[in-house]
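Working notes for the structure below.
The values are calculated or read from the model by the stated rules, or taken from the named source; none is laboratory data. A quick note: this is a predicted structure, and the numbers were derived from the prediction, not measured. Here the Cβ positions follow ideal geometry from the backbone for every residue, glycine too, while neighbour counts run over all protein chains shown. SASA here: full protein model, heavy atoms, side chains in, ligands and nucleic acids out. Shrake-Rupley method; radii C 1.70, N 1.55, O 1.52, S 1.80 Å.
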Amino acid sequence: MILEQIGSRCTTAVDGAEAVAAFQSGRFDLVLMDMQMPVMDGLTAVREIRALEERLGLARTPIAILSANVMPEHIAAASDSGADEYLSKPIRPADLLRLVSRLTA
């Protein structure tokens, strides 16, 4: 809802597998990925997206992990999976908008 208010078109997925499938179907300026999801967790989904980009010769899409897990090891795991940024929950609209602006500049 926050991003749609500034004119963004958003695609949602209920789990990591659906997110990877959506990524395969189209091009995105940015991916916001929850860390904990059913079927396929967010970190696995990020690794799958990075592998797809590599295999298909696609430019790297910015990916931000959104999570309430804020321990240093969680942030390191997000980075190790291929995520570019990490935003802790609860999400504040101003923080999300700054993140989106920075990653899509």
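Of the two radii for the chain, the radius of gyration is 0.93 times the Kirkwood radius, both from the alpha carbons; that is the Rg over Rh value.
For Val39, no residue whose modelled amide H falls within less than 5 Å of its own remains once neighbours fewer than 5 places apart on the same chain are excluded. Probing with 1.4 Å while keeping every protein chain in the model, the per residue accessible area of the chain equals 61 Å².
Taking all protein chains in place and a 1.4 Å probe, what share, in percent, of the accessible surface of the chain do carbon and sulfur account for? Ligands and nucleic acids excluded, carbon and sulfur reach 53 percent.
Rounded if a/c is under 1.5, else prolate if a/b beats b/c, else oblate: with a ≥ b ≥ c from the C-alpha gyration tensor eigenvalues square-rooted, which is the range 1-55? Walk me through the numbers before you get to the answer.
Numbers: a/c = 2.22, a/b = 1.39, b/c = 1.60.
Oblate shape, in that a/c is at least 1.5 and b/c is the bigger or equal ratio.
For the range 21-38, the Karplus equation 6.51 cos²θ - 1.76 cosθ + 1.60, evaluated at θ = phi - 60°, returns couplings of 4, 5, 4, 5, 7, x, 9, 10, 7, 7, 10, 9, 10, 6, 6, 10, 9, x Hz by residue, with Gly and Pro reported as x.
At most 12 other Cβ atoms within 10 Å plus a DSSP loop assignment makes a site exposed; report the longest stretch of the chain without any exposed trypsin sites (Lys or Arg not before Pro). Answer - 61-105. Our estimate of slack between Glu4 and Gln36, defined as 0.36 nm per intervening residue step minus the Cα-Cα distance, is 9.2 nm.
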